[in-house]
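The values are calculated or read from the model by the stated rules, or taken from the named source; none is laboratory data. As the structure is a computational prediction, the values presented were derived from the model and not from experiment. Cβ sites come from the backbone with ideal geometry, for glycine too, and all protein chains shown count toward neighbours. What goes into the accessible areas is simple: the full protein's heavy atoms, side chains included, and nothing from ligands, DNA or RNA. Shrake-Rupley method; radii C 1.70, N 1.55, O 1.52, S 1.80 Å.
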Amino acid sequence: MAVEYASPSQDAQAVALKGFQQIVRHAPNGMAGADGRLILPTMEVTLSAPHRVHAVEPDQLAARRPLVESAVAGWRFLVLTEYGAVASVEVSAGADKPCVLEQVNMGPYVQSTASALQALDENPEVRSGRYELHLVKIPALSTFLLWLRRLDGDDHLFTVLSPAPGFLETGRIYREDELLNALEGPTRRAFDVSLGGADGPEAGG
């Protein structure tokens, strides 16, 4: 079975689509999408592949807290035109907060997401189970992961989006323990630097 997608609220979809369309309208001569093609204000666009977004901090990784327990920060969508995926849009999510546009991205992670989804849909292991797509962002390590949340078991899968830091392999499917092992050293270095910046002798009071 192919990768599955959760159903965001109508509000989240509307905010994402309207936000992207407004940005394009403010560029009347068009703007370059992730594939380099011109996106025009009159061009029809649709949202695809909705998935929840999780942001993970170094202290969570240093404590080896499961990635699958990280809180949901919002929703991300791929934006499609007749040429394919040209952008991604993220919106916030929260039961007690209004849904707002967080960012529109036209960088390399758009195409690497589209390529990774195609490869995952053709992967025999993925096709043999039921997996729901999520995105895990680790800003301190410049790392973006597609998390395939297992719906019929506990064996979650992760794959790294390109561009990726050298300590991770793009195209490889990781189990959570394997991924946490690969992240452990870089995480501790990033966390130590963070602590030094906050509490070290050069930190301002």
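Taken together, Val24, Val53, Val104 contain a single residue that is among the β-branched types (Val, Ile, Thr) and touching a helix residue (DSSP H, G or I) at 6+ places or on another chain (Cβ under 8 Å), which is Val104. Residue by residue through region 49-99, note down the ones that are more than 16 Å from the chain's Cα centre (by Cα) and hydroxyl-bearing (Ser, Thr, Tyr). If the condition is that a residue be more than 16 Å from the chain's Cα centre (by Cα) and hydroxyl-bearing (Ser, Thr, Tyr), then Thr81, Tyr83 are the ones that fit.
Scanning region 16-44 for residues that are open to solvent by 20 Å² or more (accessible area, probe 1.4 Å), hydrophobic (A, V, I, L, M, F, W, C) and either touching a residue at least 40 places away in the same chain (Cβ under 8 Å) or within 21 Å of Thr113 (Cα to Cα) (or both) yields Leu17, Ile23, Met31, Ala32, Ala34, Leu38.
For every residue, the table says whether it meets (1) in a loop (DSSP other than H, G, I, E, B); (2) among the hydroxyl-bearing types (Ser, Thr, Tyr).
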| position | (1), (2) |
| --- | --- |
| Ala27 | yes, no |
| Ala34 | yes, no |
| Ala49 | no, no |
| Arg52 | no, no |
| Gln60 | no, no |
| Val68 | no, no |
| Leu78 | no, no |
| Ser112 | no, yes |
| Leu120 | no, no |
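Among the residues of region 121-155, which ones are under 20 Å from Leu78 (Cβ atoms) and of a type in the set (Asp, Glu)? Within region 121-155, Asp121, Glu122, Glu132 meet the criteria. Among the residues of region 148-189, just one is among the aromatic types (Phe, Trp, Tyr), over 19 Å from Ala49 (Cα atoms) and surrounded by 19 or more Cβ atoms within 10 Å (Cβ to Cβ), namely Tyr174. Criterion applied to Ala114, Ala140 was being open to solvent by less than 70 Å² (accessible area, probe 1.4 Å) and modelled with pLDDT of 95 or more, and the one residue passing it is Ala114. Only a single item in (1) open to solvent by 50 Å² or more (accessible area, probe 1.4 Å); (2) modelled with pLDDT of 95 or more; (3) of a type outside the set (A, V, I, L, M, F, W, C) is not met by Pro50, and it is number (1). Flag not set for Leu17, criterion: out of contact with any Gly (no Cβ under 6 Å at 6 or more places or on another chain), modelled with pLDDT of 95 or more and in a strand (DSSP E or B).
Mind checking whether some residue in region 157-179 is over 17 Å from the mean Cα position of the chain (by Cα), on the phi < 0 side of the Ramachandran plot, assigned to a helix (DSSP H, G or I) and without any contact (Cβ under 8 Å) to a residue 12 or more places away in the chain? Yes, that holds for at least one residue.
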